[in-house]
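First comes the structure, then the notes that go with it.
The values are calculated or read from the model by the stated rules, or taken from the named source; none is laboratory data. Because the structure is predicted, anything quoted here is derived from the model rather than measured. Glycine also receives a Cβ, built like all others from the backbone with ideal geometry; neighbour counts cover every protein chain displayed.
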Amino acid sequence: MTTSGRSELAVPGPFDEAFLADLPYSPEVLFFDELLELDAEQRLVRCRMPTSEDMLLTRSQRAHPVRHPRHVAGAVMVHATGMLGFVHAYHLLGLRHHEGWIGYGTHLHSAVFRKLVQPGEPIIATCRAIKQRLGAERHFVRYAFEFRHEGQICYQSEQSAVWMRVAEGQAPSAEL
């Protein structure tokens, strides 16, 4: 059971309207179009990330076929980890933005770009909570991320985030 009393897991497939409405960002920068797997026991979520030449930052590249081929920008992948953390918090921890929960990345412990991802085939992105300290109003989670493109690892990282419940009319603490 999750911290807010939700025990049922979403069915893999496209994200539902309730999830999209609860995002703290516009759905256009979610970057994922489908939930592929939820495993509460393994604390794992897996999503599909389409890649195209029209992606944010990718479309702005001054591409050269040899010196600077068009690719999914690393900044997009780092942002996607935050969105994947939100997928994890929403579906496995039961945290809802509209109920006052918000998360912020606090540490990027390691990040490795292993392959230049040229647009076309989707990235399969996995997020697993490797440590969790869950409280009534604040959760600390350390995540392991693995992104695969065409079967090969293209990005790996370990990152930490804090999730906190913010009361109506109260700003999140500047100190994370």
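The table that follows gives values for the structure above.
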{"read-out": "Matching residues in segment 150-168 - criterion: being farther than 20 Å from Gly103 by Cα and either touching a Phe, Trp or Tyr at 6+ places or on another chain (Cβ under 6 Å) or not acidic (Asp, Glu) (or both)", "value": "Gly151, Gln152, Ile153, Cys154, Tyr155, Gln156"}
{"read-out": "Subset tally (residues that are modelled with pLDDT under 90 and either among the polar types (S, T, N, Q) or under 25 Å from Cys127 (Cα atoms) (or both)) for segment 55-74", "value": "6"}
{"read-out": "Failed condition for Val162, given (1) farther than 25 Å from Asp54 by Cβ; (2) out of contact with any strand residue (DSSP E or B) (no Cβ under 8 Å at 6 or more places or on another chain); (3) at pLDDT 95 or above", "value": "(2)"}
{"read-out": "Test for Thr106: is it in contact (Cβ under 8 Å) with a residue 24 or more places away in the chain and within 18 Å of Phe31 (Cα to Cα)", "value": "no"}
{"read-out": "Failed condition for Ala10, given (1) surrounded by 15 or more Cβ atoms within 10 Å (Cβ to Cβ); (2) among the small types (Gly, Ala, Ser); (3) under 15 Å from Tyr143 (Cβ atoms)", "value": "(3)"}
{"read-out": "Qualifying residue in segment 131-149 (condition: surrounded by 14 or more Cβ atoms within 10 Å (Cβ to Cβ) and not in a strand (DSSP E or B))", "value": "no"}
{"read-out": "Search result, residues across segment 49-75 that are surrounded by fewer than 20 Cβ atoms within 10 Å (Cβ to Cβ) and under 17 Å from Leu23 (Cα atoms)", "value": "none"}
{"read-out": "Check on Gly120, in contact (Cβ under 8 Å) with a residue 40 or more places away in the chain, surrounded by 15 or more Cβ atoms within 10 Å (Cβ to Cβ) and outside any strand (DSSP E or B)", "value": "no"}
{"read-out": "Near pairs, Cβ below 8 angstrom, 6+ apart or cross-chain, from segment 14-40 (closer than 20 Å to Phe147 by Cα and surrounded by 13 or more Cβ atoms within 10 Å (Cβ to Cβ)) to any residue that is of a type in the set (Ser, Thr, Tyr) and modelled with pLDDT under 95", "value": "none"}
{"read-out": "Number of the exception - Gly82 against (1) farther than 12 Å from Gln118 by Cα; (2) surrounded by fewer than 16 Cβ atoms within 10 Å (Cβ to Cβ)", "value": "(2)"}
{"read-out": "Strands (runs of 3 or more DSSP E) completely within segment 1-117 that count 2 or more residues being of a type in the set (Ser, Thr, Tyr)", "value": "101-113"}
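Yes/no matrix, rows are residues, columns are (1) under 14 Å from the mean Cα position of the chain (by Cα); (2) more than 28 Å from Val162 (Cβ to Cβ):
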| residue | (1), (2) |
| --- | --- |
| Asp16 | no, no |
| Gln42 | no, no |
| Cys47 | yes, no |
| Val66 | no, yes |
| His71 | no, yes |
| Tyr90 | yes, no |
| Glu121 | no, yes |
| Thr126 | yes, no |
| Ala129 | yes, no |
